[in-house]
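Participant: Dropping the structure in here first, questions after.
The values are calculated or read from the model by the stated rules, or taken from the named source; none is laboratory data. What you see is a predicted model; the values in this text were computed from it and never measured. Note that each Cβ is placed from the backbone with ideal geometry, even for glycine, and that neighbours are counted across all protein chains shown.
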Amino acid sequence: MSEIYLDHAATTPLRPEVLEAMLPYFNQEFGNPSSVYGAGRRAHQALDQARDTVADLLGAKSEEIIFTSGGSEAANLAIKGVAWAYQTKGKHIITSAIEHHAVLDAVLWLKQQGFEVTILPVDEEGFVDPQSVQEALRGDTILVSIMHANNEVGTIQPIEDIGAIVRAHGAFFHTDAVQTAGILDLDVAELNVDLLSLSAHKFYGPKGVGALYVRKGVRLDPLIHGGAQEKRRRAGTENVAGIVGLAKAFELAQAERGEVTRHLIQLRDQLLQGLQAIPHTKVNGSLERRLPNNVNVCFQFIEGESLLLNLDLKGIAGSSGSACTSGSLDPSHVLLAMGLSHEIAHGSLRLTLGRENTQDQVTYVLEEIPIIVERLRAMSPLYNA
Amino acid sequence: MYSDKVMDHFTNPRNVGEIANADGVGEVGNARCGDIMKIWIKVEDGIIQDVKFKTFGCGAAIATSSVITEMAIGKTLDEAEEITNKSVAEELEGLPPLKMHCSNLAADALRAAIEDYRKKHPITA
Ligand SMILES: Cc1ncc(COP(=O)(O)O)c(C=O)c1O
Ligand SMILES: [Zn+2]
């Protein structure tokens, strides 16, 4: 039995068309983009073209795109870069309790360095209230970072509204769009953002390459010093093949977006409906503003890792916010921030769909999960059938 | 990540359930950290005749609970009290380092059940 992969929020397989576009840049067009001779110029051209493509897809200008080693670096560069460049103007930063650790830990690290941090709460569906952003803004607030959609529960934030508030106040606004790039239509002007992070491996591109959009006029101190690449904002010889792959994957995702989204939503809603039929099951996140590929539920009385192991034995790959899968003692900070108890949060299951998943796979998954849940409940001391 | 022995006990847990008129019951862990084990024992002439368990927890938690029921059946109470979390992990051919703490509580649960038994059955001279 081949594996049914339902963890596309973790990563996605590289598309063959993307691999094909990348291949020449490993050994044929291998020149260093900074070199003046032909091979260097051709590599440089490939970079320019990729940058134009990404900028176009975001409604940005080419010089506003910085390529990075992934989503984590893009978010770190946005947050630390702005914080360092503007620290004489103010030292206050606002973020939310449900950010990915690439954002949350970068902000908490800045706090250790003497910055002041406000971490906004979310409601039970995982929404940040734009009004709470308004109230948290201070005279010395330099940066607000709120993710576009959450990687665990799929809640899509009202980024346009938050962005308008932050802009009116005169602070900068970063959004972590790692889970929405390639899935939702992104336009930096409509979103009212000054900085936006994305990562290629979430949309069928290669791992280890991402991009940061930085609106013209926003200054950044680099994380990596050493060369003039990326307009001195990110030193190091560029990952040419990876960047070409990112642009190709982003382009394909955008071209097929409508069709793929319809497919994902159909499968997602089928899964949500089927899982909700299991007693003592709670859907996490919003049903209205939800990523088209995200399913996240808690099955009461059972623990997530034992659920995942059982799913794996049936050839199904998913993920959980249980402490036992994260290597920490606490379950998902996202589910806890949404007000779930530890006990319930340990029993979470996230299934994230992709373009290659089928109706038959969803049907099979919906046959197997109730059996597994029932079996684990039968051995749970918390469950009284 | 897990040894074959752990996966064997996880997929095929032994002695799952409750004992209706148990002589001793022990429960350890809490929902906060994600592992709770409950063990029931049946004792005759100072020997453990039967052990059953119910566990809320990860693969390691379920496997350690299962294997300790096999380790304890047939032992005297004194012998059973000698079983440690470490010897349970050894019986399972090792546990991942992260699982040694929270999920490896089966020996504590068994000892709690024995203690419960001793409290209910004080030795009268
Ligand atoms: C919301 C979010 N932000 C940031 C990241 C980090 O991206 P990368 O794996 O490319 O560093 C991820 C991926 O796990 C993510 O889901
Ligand atoms: Zn555990």
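Participant: Could you list all residues from region A:171-208 that are crowded, with 24+ Cβ neighbours inside 10 Å, closer than 14 Å to A:GLY354 by Cα and within 8 Å of ligand 1 (Cβ to nearest atom)?
Facilitator: A:GLN179, A:LYS202
Participant: Pick from A:LEU264, A:LEU252, A:LEU291: which is under 20 Å from the mean Cα position of the chain (by Cα) and either at pLDDT below 95 or within 16 Å of ligand 1 (Cβ to nearest atom) (or both)?
Facilitator: A:LEU291
Participant: Please go through region A:315-329 and give me each residue that is buried (at least 17 other Cβ atoms within 10 Å of the Cβ) and either within 11 Å of chain B (Cβ to nearest Cβ) or part of a loop (DSSP other than H, G, I, E, B) (or both), ordered by number. Even if it seems obvious, please write down each step before you answer.
Facilitator: First, the residues of region A:315-329 that are buried (at least 17 other Cβ atoms within 10 Å of the Cβ): A:316, A:318-326.
Matches in region A:315-329: A:GLY318, A:SER320, A:GLY321, A:SER322, A:ALA323, A:CYS324, A:THR325, A:SER326.
Participant: Further question: Of the residues in region A:271-286, how many are of a type in the set (A, V, I, L, M) and farther than 17 Å from A:SER320 by Cα?
Facilitator: In the first step, residues of region A:271-286 are kept if they are of a type in the set (A, V, I, L, M); the result is A:271-272, A:275, A:277-278, A:283.
Remaining after also requiring farther than 17 Å from A:SER320 by Cα: A:277-278.
Final tally of qualifying residues: 2.
Participant: Can you find a residue in region B:98-105 that is assigned to a helix (DSSP H, G or I), under 30 Å from A:SER332 (Cα atoms) and within 9 Å of chain A (Cβ to nearest Cβ)? Even if it seems obvious, please write down each step before you answer.
Facilitator: Narrowing region B:98-105 to residues assigned to a helix (DSSP H, G or I): B:98-99.
Next, from what is left, pick out any that are under 30 Å from A:SER332 (Cα atoms): B:98-99.
From what's left, within 9 Å of chain A (Cβ to nearest Cβ): B:98-99.
Yes: region B:98-105 contains one or more residues that are assigned to a helix (DSSP H, G or I), under 30 Å from A:SER332 (Cα atoms) and within 9 Å of chain A (Cβ to nearest Cβ).
Participant: Mind listing just one residue for me: the one in region B:47-62 that is more than 7 Å from every other protein chain (Cβ to nearest Cβ) and under 13 Å from B:ILE36 (Cα atoms) and, of those, nearest to ligand 1 (Cβ to nearest atom)? First the steps, then the outcome.
Facilitator: Our first condition is that a residue be more than 7 Å from every other protein chain (Cβ to nearest Cβ); within region B:47-62, this holds for B:47-53, B:60-61.
When the remaining residues are screened for being under 13 Å from B:ILE36 (Cα atoms), the result is B:53, B:60-61.
Working: B:PHE53: 37, B:ALA60: 25, B:ALA61: 27 Å.
Applying the filter and picking the extreme gives B:ALA60.
Participant: Scan region B:28-43 and report the pairs whose first residue is free of Cβ contacts under 8 Å to residues at least 40 places away in the same chain and under 15 Å from B:GLY59 (Cα atoms) and whose second residue is within 15 Å of ligand 2 (Cβ to nearest atom) and in a strand (DSSP E or B), with Cβ atoms within less than 8 Å and a gap of 6+ or a chain change.
Facilitator: Note: pairs meeting the criteria are B:ILE36/B:VAL28; B:ILE36/B:GLY29; B:ILE36/B:ASN30; B:ILE36/B:THR55; B:ILE36/B:PHE56.
Participant: Does A:ASN357 count as modelled with pLDDT of 95 or more, away from chain B (no Cβ under 14 Å), more than 16 Å from ligand 1 (Cβ to nearest atom) and touching a Phe, Trp or Tyr at 6+ places or on another chain (Cβ under 9 Å)? Steps first, please.
Facilitator: Numbers: modelled with pLDDT of 95 or more: yes; away from chain B (no Cβ under 14 Å): yes; more than 16 Å from ligand 1 (Cβ to nearest atom): yes; touching a Phe, Trp or Tyr at 6+ places or on another chain (Cβ under 9 Å): yes.
Against the criterion (modelled with pLDDT of 95 or more, away from chain B (no Cβ under 14 Å), more than 16 Å from ligand 1 (Cβ to nearest atom) and touching a Phe, Trp or Tyr at 6+ places or on another chain (Cβ under 9 Å)), A:ASN357 qualifies.
Participant: If you don't mind, another one. Suppose the filter is hydroxyl-bearing (Ser, Thr, Tyr) and closer than 25 Å to A:PRO292 by Cβ; does A:THR12 pass it?
Facilitator: For A:THR12, the condition - hydroxyl-bearing (Ser, Thr, Tyr) and closer than 25 Å to A:PRO292 by Cβ - is met.
Participant: Among the residues in region A:289-310, are any surrounded by fewer than 16 Cβ atoms within 10 Å (Cβ to Cβ), over 30 Å from B:SER103 (Cα atoms) and not hydroxyl-bearing (Ser, Thr, Tyr)?
Facilitator: yes
Participant: Please list, ordered by first then second residue, the pairs with beta carbon atoms under 9 Å, 6 or more apart or interchain, first in region A:361-377 and in the same structural domain as A:ILE344 (by TED's automatic domain parsing) and of a type in the set (Lys, Arg), second crowded, with 21+ Cβ neighbours inside 10 Å and in a helix (DSSP H, G or I).
Facilitator: A:ARG375/A:ASN310
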